[in-house]
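Everything on this sheet refers to the single structure shown next.
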Amino acid sequence: MRILITGGTGFIGSHLADRLLARGDQILVIDNHVTGQPHNLRPQPNLLVVDGTIADADLVNRTFDDFQPELVVHAAASYKDPANWSEDVRINVLGTAIVTQASQRLQVRRLIYFQTALCYGLKSLQQPITLDHPILPDGSSYAISKTAGEQYIRLSGLNFISFRLANAYGPRNLSGPLPTFYHRLTTNRPCFVVQTRRDFIYIDDLIDVVMLAIDGKGECGIYHVSSGTDYAIKELFDATVKTLGLRLAQPVEERQRNADDPYTILLDPSKTMRDFGWQTTTPLEEGVRAAIAWYKQYGVTQTYTHLKIAEH
């Protein structure tokens, strides 16, 4: 197939591109490399990388016309600076609208989108969160803008799947606690853990279900991608310390969460498991080892978060 991936040099997009290229698909990537890394994709015959932003309608429409994608995976997103609302709107809302209408015009077979679990709000009404939970994205610019993008996709009438994601982690990931722990522990900087819990999903498990969706599994609509289990952030920290073979002089500092930091985000993946015949298979410690092996090879100089985290 000819598959266009927005954000294709980023964490999720590059892993998906690798999997598709390995089986012989033709891939075109659009990426502005604000958080994506060009070295995540090595040059090869069936890969074309277009440098640019999805907020540029002329570029997007010209690229769609030239490539004629059969399927679009929309992985591009603005999340680098939680305070940069205008960039979140420009990429996550305007960019999504442009990509969606280009997909409409070319009548692509399916549009696949990635949505944040923060769309359910900072204080979810149930645990685990089911697909009928109210949408309450007002806790962050990222959640507001990603939810607006999802709603434009729903409005389009396209055959779409929106995957609402647990915390994805693994090689190439520079967002969230794991790369932050690695960076701080390996540069002798102080570490702390927040007293929260998260549902972590390893990147290979995530890509497995996306591949099934690309090949036609699942019905048009919304799915959760989740392990179905939440872990204390301290458990992730302890797995990082163990993998690095460190002995800490004193226990890690534990802090209360900020007002905008949910205690837990645990998604119910039962519909995904049923419709796709899928479940996660990677234990947390195994995924942490793989991520840290990549960090050791490529380094971590900057990490990102969707929420404001106090550094006091």
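The table that follows gives values for the structure above.
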item: Filter result for the condition that a residue is within 19 Å of the chain's Cα centre (by Cα), modelled with pLDDT under 95 and not acidic (Asp, Glu), over GLY95, GLY121; result: GLY121
item: Filter result (modelled with pLDDT under 95 and assigned to a helix (DSSP H, G or I)) within the stretch 8-67; result: PRO38, HIS39
item: Answer from ASP230, ASP215, ASP268 - the residue that is touching a residue at least 12 places away in the same chain (Cβ under 8 Å), closer than 26 Å to SER162 by Cβ and surrounded by fewer than 20 Cβ atoms within 10 Å (Cβ to Cβ); result: ASP268
item: Residue satisfying all of: in the stretch 32-47; more than 18 Å from ASN84 (Cβ to Cβ) and buried (at least 17 other Cβ atoms within 10 Å of the Cβ); nearest to the chain's Cα centre (by Cα) among these; result: ASN40
item: Matching residues, the stretch 233-254, being surrounded by 15 or more Cβ atoms within 10 Å (Cβ to Cβ) and in a loop (DSSP other than H, G, I, E, B); result: VAL252
item: Filter result (at negative phi, in contact with a Phe, Trp or Tyr (Cβ under 6 Å, 6 or more places away or on another chain) and either in a loop (DSSP other than H, G, I, E, B) or without any contact (Cβ under 8 Å) to a residue 12 or more places away in the chain (or both)) within the stretch 148-173; result: PRO171, ASN173
item: Pair list, Cβ < 7 Å and 6+ apart or interchain, from the stretch 177-203 residues that are buried (at least 16 other Cβ atoms within 10 Å of the Cβ) to residues that are assigned to a strand (DSSP E or B) and small (Gly, Ala, Ser); result: ARG197/ALA232; ILE201/ALA168; ILE203/ALA168
item: Lone qualifier among THR303, THR272, THR281, THR264 - being in contact with a Lys or Arg (Cβ under 8 Å, 6 or more places away or on another chain) and of a type in the set (Val, Ile, Thr); result: THR264
item: Set ARG257, ARG289: member being touching a Ser or Thr at 6+ places or on another chain (Cβ under 8 Å), in contact (Cβ under 8 Å) with a residue 60 or more places away in the chain and surrounded by fewer than 20 Cβ atoms within 10 Å (Cβ to Cβ); result: ARG257
item: Residues (among the aromatic types (Phe, Trp, Tyr) and either in contact with a His (Cβ under 9 Å, 6 or more places away or on another chain) or not in a helix (DSSP H, G or I) (or both)) located in the stretch 77-116; result: TYR79, TYR113, PHE114
item: Residue tally, condition surrounded by fewer than 17 Cβ atoms within 10 Å (Cβ to Cβ) and out of contact with any strand residue (DSSP E or B) (no Cβ under 8 Å at 6 or more places or on another chain), over the stretch 152-176; result: 2
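The values are calculated or read from the model by the stated rules, or taken from the named source; none is laboratory data. On a predicted model such as this, the values are computed, not experimentally measured, just so you know. Cβ: placed from backbone, ideal geometry, glycine included. Neighbour counts: every protein chain shown.
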